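To start, the structure under review is shown below, and the notes come after it.
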Amino acid sequence: MTGNKAAATAVKLARVEVLSAFPVTPQTTITQYLSEFAANGEIKGEFVNAEGELSTQVIVQAASRAGARTFVCTSGPGQLYMHHPMHSTSSSRLPVVMATVHRGNKSMQPDHTDLMSQTWTGWIQLYCENNQEILDTHLMAYKIAEDKRVRLPVAIGYDGYVLSYTAEPVEVPSQKSVDDWLPPYEYQSILPKDYDPATGGRGFGGGGRDPQQGWITHHEALLNALPVIKEINEDFGKVFGRKYGNGLTETYKTEGAEAVMVAMGSLAGTARAAIDNLQADGKPIGLIKLKCYQPFAVEDFKEYGKKFKAIGMIDRNVCLGHGGAGYRLIRNSLYDMDERPKVLQFHAGLAGKEVRVGDFERVGEKILKAAKGDKVSQVEWV
Amino acid sequence: MVVGIRIHGRGGQGAVTASRLLATAAYYDGKFSQAIPMYGTERRGAPVTAYVRVDDVRVRERELVHTPEIVMVLDPLLSTRQTMADDMAEGGLLLLNAAYPPEEVKTGGNIRVATVNATNIALETLRRPITNTAILGAFAKAVGWPKLESIEKAIRKQFSGRIADMNVEAIKRSYDECSEVIPAPVKIAGESEAIAVGGYGVLKDVSSWRVFQPVIDMDKCTGCKNCWIYCPETAIKWTDENKPEIEWRKCKGCGICVNECPVGAIEFKRVEIKNE
């Protein structure tokens, strides 16, 4: 099945009660599948058509507040259009789950700039490598979002076209196994009364207390989500037989490796093939897949920083005037170490530029050079 | 061993569906597969490309297929172009939708060729020139996999009822009518040339889209201008003799004029593809 079918199937399995979406390429077929499921009764929930993405976000936000399990999905420009209510969804600590089918902001082809530009709205962001992972991550996302220790919305990012329209084998768990693992959602506010919009409180840090308190609580909630994401990933693995590293990051063939490349989303699949080829040639390089971008797994990278002499981050994004998002976070995580590894920056696959296995082999060789202490350029656009 | 397949067709012939059916059938055969469509500003008639990768292990790489072992062409006019064989692997197989035997194929290179008249099969089984299933049976015959039953199972998963039955008939006929696979008669590849695919304004040329074309009987024509009004491509000019004249560059062979003519003066005739 295609990536979009995998997302829609997971939403059906999760027995979502209120869905709202506005069709936008390359997300369109999720909307199509979900309307079909709602029309033929496979989904018992309500599918709400809206005139735009801003409304879809407001609709699921209100439904989530009323106690419904919700789903919304979008791509590129639609993502930017729903930016404003995304803040209030996360500030109100509502467990909305959203699929972002990446579409860049400078072309219709994919890069991660659409979802990454929502970083400051404080949603949990998980990225997927293949269609199986899309299905599994949606199921995990509901469990993470609705966990009383978390209560935050989760955005799932996967590359448009590359995954959304590519068909490949996906194992679909039975409805019963999903029902057993994922109990129905029950609304219960976890915010103090003064802050809870549901009780007439001011929400967002008002109410006569420290006006910063809303930001502090929200920030801490994201950091506290890290162990919960790990735990739910483990639990999913026990029940369904598939897990994704520790839930935050995953290592691939890193044993005995001197250096690693770090990739996100579908690029990680191509990178795996490149690592296989490089290791077959005796090159000691492994792969780290970054699945959970927000909150960021600082502790994981401190461990990697001790093990490897060089880390090359492959960003399918650029924060204009700053650099790659992942690269900056990794370097930041390593700053307090006494002996820091080299960290190189690669930008790849922006605006849908095709990235081939050979490109990553070249990237791997460059990272190994840096590990040996050779002088190489810090930043490269692959 | 990984096998890369490239599928050429036109919007409306079902190249993307062909890629998915093939990937699904290969999966039923016990292989891992990946069907990759190439989306741009596709629309009915414009050339489109899709890719399939089949392997014994789960496919992880996400690049397109750059040196295909097999190329399958759904459109008879595209089948005459050398471009279709570009970047093929040595000894690869080129399966063409063509009304002529493989001995007459002009596409050259160190490749093997086979042909099947998929347009005929499609018109006779589906009543429309959607050639994807009408070539998949031939694929199974020429390549040796996937099993015909696997393709049928994939079709019945995608379609239901009468549509599924018609498509299953198409693959069976196509399996039976596929030619032998022979080494390409032309060894040296000719020059690859682009094909006019549309465009706007003066560049507009949709003539390659036609499967049928309108032929006007001027004696029957009353000069009512109905065809001129309804033509969606403004391909009909009006002459001083109060008669229509078709600008062939603009005519995509949609048949609306044939349908709208109140006196039945326009006939819809099959376009013959010359293999030059």
Inset, instruction - Take chain B, connect every pair of alpha-carbon atoms lying under 10 Å apart with a spring to form a Gaussian network, then pick out the residue of B:ALA46, B:ALA15, B:ALA170 with the largest mean-square fluctuation. - result: B:ALA46
Legend entry - GNM flexibility winner over chain A from A:ARG103, A:ARG356, A:ARG316 (Cα, springs under 10 Å): A:ARG356
Legend entry - Counting DSSP beta bridges with both ends in the protein assembly as shown, the antiparallel % (nearest 5): 40
Legend entry - Residue order, fewest to most beta carbons within 10 Å, for A:ASP336, A:ASP359: A:ASP336, A:ASP359
Inset, instruction - Give the percent of DSSP beta bridges with both residues in segment B:3-183 that are antiparallel, rounded to the nearest 5. - result: 55
Inset, instruction - Return the single residue from A:LEU152, A:LEU94, A:LEU34 with maximal mean-square fluctuation; model: Gaussian network over chain A, springs between Cα atoms under 10 Å. - result: A:LEU34
Inset, instruction - Determine the shape class of chain B: with a ≥ b ≥ c the square roots of the Cα gyration tensor eigenvalues, call it rounded for a/c under 1.5, and otherwise prolate if a/b is greater than b/c, oblate otherwise. - result: prolate
Inset, instruction - Using Cα centres only, tell me the gap between segment B:260-276 and segment A:314-382 in whole Å. - result: 59
Inset, instruction - Give me A:GLU53, B:GLU247, B:GLU103 ranked fewest to most by other Cβ atoms within 10 Å of their Cβ, as a rough exposure proxy. - result: B:GLU103, B:GLU247, A:GLU53
Legend entry - Nearest 10 degrees, 0 to 90: helix A:267-280 Cα axis against chain A principal axis: 30
Inset, instruction - Measure nothing fancy, just the Cα-based angle from helix B:148-158's long axis to the longest principal axis of chain B, in degrees from 0 to 90, nearest 10. - result: 60
Inset, instruction - Could you pull out every one of the lysines with an alpha carbon less than 29 Å from that of A:LYS12, ignoring same-chain neighbours closer than 8 positions? - result: A:LYS44, A:LYS143, A:LYS148, A:LYS176, A:LYS230, A:LYS238, A:LYS243, A:LYS289, A:LYS291, B:LYS31, B:LYS153, B:LYS157
Inset, instruction - Kindly put B:MET38, A:MET86 in sequence by how many other C-beta atoms sit within 10 Å of each C-beta, fewest to most. - result: B:MET38, A:MET86
Inset, instruction - State whether segment A:249-381 is rounded, prolate or oblate according to the following rule on the C-alpha gyration tensor (a ≥ b ≥ c being the square roots of its eigenvalues): a/c under 1.5 gives rounded; otherwise a/b larger than b/c gives prolate, and the remaining case gives oblate. - result: rounded
Inset, instruction - Specify the angular offset, from 0 to 90 degrees and rounded to the nearest 10, of the alpha carbon long axis of helix A:298-307 from the longest principal axis of the alpha carbons in chain A. - result: 20
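Laboratory data are not the source of any read-out in this text; all were calculated from the coordinates shown. Bear in mind that the values here come from a model prediction, so they are computed numbers and not experimental data. Positions of Cβ are backbone-derived with ideal geometry, glycine not excepted, and every protein chain shown enters the neighbour counts.
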